[in-house]
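Below: the structure, in structure tokens.
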Amino acid sequence: MLSTRIPSVKDTYFQHKLLTKIHGKPTYPTLQTLYTELKANAGSVPTTLGGGLHGHLGLLLPATSYATLQPTIAWVTPPNPGPFAPPAGTTAIINAARDVWTASHYEFDLCQATEKALLAQVVDAVDTVYLRALLNRATGQYSTSIRDLMTHLFTTYGQLTPQQVKAKEAEVYSLHFDISQPVDIIFNAIEDLSALATHASSPMTDQQMIDIAYVIFAKQPILQQDLRDWKRTPLADKTWANMITHFRTAQNDLSSLPVASDLYHQANHVDMIADLVAQRLLDTVAPMLDPASPPLLAPAAASPAPPTPHIAAATTSPDLASIQQQLQQLVAIMAATTTAPSTTPPAPRPNNQPARNYGRGYGRGSGRGRGRDGRGQTAPSPRMYCWTHGACAHTSTDCRNKAPGHQATATFTNMQG
């Protein structure tokens, strides 16, 4: 034997060593599961036949279905090359002919081994009573073609009515896409519907599949921009494959955004989020002030020093004004999302620790305000009042990081402007 030894294709290549067992009479859903596993196994055995990209899938798919795969090269099951017949000629010519025969024989043997392994898997997965019609009493084999075997099972036990197809179509139309789940859940459901419709002799077009996907995605507000982008796609590019790519990319772009459950939990912790945002804004403001100027440590009764020209310029700069405006908006959001103020007396924090309320930022400018009086959905920790920082963990007198114009005697009852 001049051909290379064939390995066990089941042990070496098959993704599903055992197919899902069908208990009792086969039905369309159980046969479809079996068929999907068989396709995965056939496609995992490498070959150069049919374009070389889909393994031995051509053994299982009808020619019309295989022709839709890229590259569009038809599958041709290799014939038995027979024994080697040396041609007349030199030794080099004979050796070259032997190499061609060896490759052809290996290709034939591998294809035969793959098909026999697939047939054996079906025989193990389906009760033999439902395979009797294909039994060859002379050879004891049920079939020599895996495609014929599956066609028989679908035709005999997997019949579908128009009502079943319509019911499945309505089920798919009613799907709601959850942005936290892979977008391929929707595409797989539509492709399953297409396979079902094809089996029921009512095949779907690409445009019908695209329309169903569009209807489902249109229910998800966060995908509205991506749907508009898809509508602007040139007609020639609006294929099913391109739609899958388009919305996979869209989901990847949105993957960094919080999902609905995250937003729910964040809404229940608005104080914490507001603190983080406010701290980010204040951290941005600080470098805009004079970094060389030491902290103002004037006595409590001293008159406030006039702002330096550098600080005055900073407080009137567009960047700082924008940040101060954001602080004002933050205060408004915090006030709108919390309940009535609590009268619980304060519990002190370490002096000058940043609190949850930033009434003035680092200057009075256009962003002045007093922030929240410790309001929250539950009884918040107690607060003192500081003219610079608003409701916080220290008093105006004890403040160690005073803003220009700081009023050391300001309190909750007399905030002094």
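Every read-out reported here was derived from the displayed coordinates using simple, explicitly stated rules and does not represent laboratory data. On a predicted model such as this, the values are computed, not experimentally measured, just so you know. All Cβ positions, glycine included, derive from the backbone under ideal geometry; neighbour counts span all protein chains shown.
The residues of region 10-23 that are assigned to a helix (DSSP H, G or I) and surrounded by fewer than 19 Cβ atoms within 10 Å (Cβ to Cβ), listed by number, are D11, T12.
Just so you know, in region 196-226 the residues that are part of a loop (DSSP other than H, G, I, E, B) and not hydrophobic (A, V, I, L, M, F, W, C) include one that is nearest to D178 (Cα to Cα), and it is Q220. Against the conditions (1) surrounded by fewer than 20 Cβ atoms within 10 Å (Cβ to Cβ); (2) part of a helix (DSSP H, G or I), P7 satisfies every one except (2). Screening region 51-163 for helices (runs of 4 or more DSSP H) wholly inside it with 2 or more residues that are within 23 Å of S8 (Cα to Cα), without any contact (Cβ under 8 Å) to a residue 60 or more places away in the chain and polar (S, T, N, Q) returns the ranges 91-125. Give the residues of region 24-50 that are in a helix (DSSP H, G or I) and exposed (fewer than 13 other Cβ atoms within 10 Å of the Cβ), sorted by residue number. Selection gives P29 alone. In region 235-253, the residues that are without any contact (Cβ under 8 Å) to a residue 24 or more places away in the chain reach residues that are surrounded by 15 or more Cβ atoms within 10 Å (Cβ to Cβ) with C-beta atoms within less than 8 angstrom, at least six apart or across chains, in these pairs: H246/D226; H246/W230. Within the bounds of region 91-107, is there any residue that is loosely packed, with under 12 Cβ neighbours inside 10 Å, within 31 Å of the chain's Cα centre (by Cα) and farther than 19 Å from T151 by Cα? No; the residues of region 91-107 include none that is loosely packed, with under 12 Cβ neighbours inside 10 Å, within 31 Å of the chain's Cα centre (by Cα) and farther than 19 Å from T151 by Cα.
Quick check on I179: is it β-branched (V, I, T), surrounded by 13 or more Cβ atoms within 10 Å (Cβ to Cβ) and not in a helix (DSSP H, G or I)?
Taking the combined requirement at face value, the residue satisfies it.
L193 falls short on exactly one of the conditions (1) over 20 Å from S65 (Cβ atoms); (2) part of a helix (DSSP H, G or I), and that condition is (1). D229 meets the conditions (1) in a helix (DSSP H, G or I); (2) closer than 21 Å to T68 by Cβ in every case but one. The failed one is (2).
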